[in-house]
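Beneath this line is the structure, given in structure tokens, with notes to follow.
The values are calculated or read from the model by the stated rules, or taken from the named source; none is laboratory data. Not measured: the values here are computed from a predicted model. Heads up, the Cβs are rebuilt from the backbone with ideal geometry, glycines too, and the neighbour counts pull from every protein chain shown.
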Amino acid sequence: MTDEKQRLQTLQGDFSSMARLLTVLFAFAALSLFAEAYVPLKQLGAMLVAGDRTGIRAIGERLIALLPAIMLLGAVWQGRLLFTHLEGGALLAPETGRHVRRSGEWMVAAAVSALIIGEIQHGTAVGSALLVGVAAVGFALRSLAGVLDQAAVIQADLDQIV
Amino acid sequence: MAIIVTLDVMLARRKMKARDVAAAIGMAETNLSLLKSGKVKGVRFDTLAKLCRVLDCQPGDLLEFDSNGPDETD
């Protein structure tokens with residue numbers, strides 16, 4: 001087996017492991033989020049049925065506070081899709097750039113929503129330095145996706161040389 | 001394109017099928033078909049050498065230059 005094929009095989013093994021890890025992380029995080037949202041949702045349902053609207057605002061705030069985490073979950077899911085795609089071997093394909101871009105967008109959305117929600121609910125953006133970091137990584141991923149798009153174009157061109 | 005691939009002529013001369021040549025040089029039949037019809041952007045020297053070996057010919061027997069063909073620029 002040539003060095004190149006061996007390297008690709010090693011990489012595909014890594015991608016497969018990452019895809020499995022992200023699947024597990026996604027499942028765990030989704031369950032945690034569901035557990036956090038379950039009680040407020042149940043209370044909200046009971047209040048709406050009873051016609052009691054006194055605690056709706058507080059419950060609504062609790063649910064909205066979960067939005068950034070849901071968006072980060074979106075980034076994890078995109079990451080899983082990325083590594084599942086890479087496992088197939090087509091490294092420099094348009095889908096690679098697309099998944100990286102979407103992961104970045106979810107991260108930016110999570111960070112921005114956390115900053116805004118924190119500002120509205122607590123009067124201050126809790127953990128703002130970390131959130132700015134998350135947003136920066138998200139933007140960087142979006143830029144990297146542009147590079148991968150260009151690489152896919154070059155690869156498509158190379159594929160036409162037999 | 002200004003370069004014309006005359007692989008089909010050589011295949012007819014040698015009375016060989018494209019499928020067999022593709023298998024002999026380790027290329028997908030689809031790619032060889034694309035090469036035959038000139039719908040590729042280039043040929044690797046390695047591929048050209050394998051074709052010449054299998055068909056017992058020279059590169060010039062597989063490629064022609066048409067001076068009246070379109071001049072492709074970037």
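Things worth noting here:
- Conditions (1) within 30 Å of residue A:5 (Cα to Cα); (2) touching a residue at least 24 places away in the same chain (Cβ under 8 Å); number of the one not met by residue A:72: (1)
- When the stretch B:19-38 is filtered for residues that are within 13 Å of another protein chain (Cβ to nearest Cβ) and surrounded by 12 or more Cβ atoms within 10 Å (Cβ to Cβ), the ones remaining, listed by number, are B:21, B:22, B:25, B:27, B:29, B:31, B:32, B:33, B:34, B:35, B:36, B:38.
- Test: residue in the stretch A:22-38 that is under 25 Å from the mean Cα position of the chain (by Cα), β-branched (Val, Ile, Thr) and modelled with pLDDT under 95: no
- The stretch A:1-55: number of residues that are among the aliphatic types (A, V, I, L, M), surrounded by 11 or more Cβ atoms within 10 Å (Cβ to Cβ) and over 30 Å from residue A:68 (Cβ atoms): 2
- When the stretch A:39-59 is filtered for residues that are in a loop (DSSP other than H, G, I, E, B) and under 32 Å from the mean Cα position of the chain (by Cα), only A:55 remains.
- Where residue B:2 falls short, out of the listed (1) surrounded by 14 or more Cβ atoms within 10 Å (Cβ to Cβ); (2) touching a Gly at 6+ places or on another chain (Cβ under 8 Å); (3) more than 13 Å from every other protein chain (Cβ to nearest Cβ): (1)
- Among the residues of the stretch A:106-161, those identified as within 15 Å of residue A:94 (Cα to Cα), within 14 Å of chain B (Cβ to nearest Cβ) and either hydrophobic (A, V, I, L, M, F, W, C) or surrounded by 15 or more Cβ atoms within 10 Å (Cβ to Cβ) (or both) are A:153, A:154, A:155, A:156, A:158.
- The requirement of being surrounded by fewer than 19 Cβ atoms within 10 Å (Cβ to Cβ), over 14 Å from the mean Cα position of the chain (by Cα) and either basic (Lys, Arg) or in a helix (DSSP H, G or I) (or both) is fulfilled somewhere in the stretch A:64-77, by at least one residue.
For every residue, the table says whether it meets (1) hydroxyl-bearing (Ser, Thr, Tyr); (2) closer than 21 Å to residue A:155 by Cβ; (3) touching a Cys at 6+ places or on another chain (Cβ under 7 Å); (4) assigned to a helix (DSSP H, G or I).
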{"residue": "B:4", "(1), (2), (3), (4)": "no, no, no, no"}
{"residue": "B:8", "(1), (2), (3), (4)": "no, no, no, yes"}
{"residue": "B:16", "(1), (2), (3), (4)": "no, no, no, no"}
{"residue": "B:21", "(1), (2), (3), (4)": "no, no, no, yes"}
{"residue": "B:39", "(1), (2), (3), (4)": "no, yes, no, no"}
{"residue": "B:47", "(1), (2), (3), (4)": "yes, yes, no, yes"}
{"residue": "B:52", "(1), (2), (3), (4)": "no, no, no, yes"}
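- Among the residues listed as B:46, B:61, the single one being acidic (Asp, Glu), loosely packed, with under 12 Cβ neighbours inside 10 Å and free of Cβ contacts under 8 Å to residues at least 60 places away in the same chain: B:46
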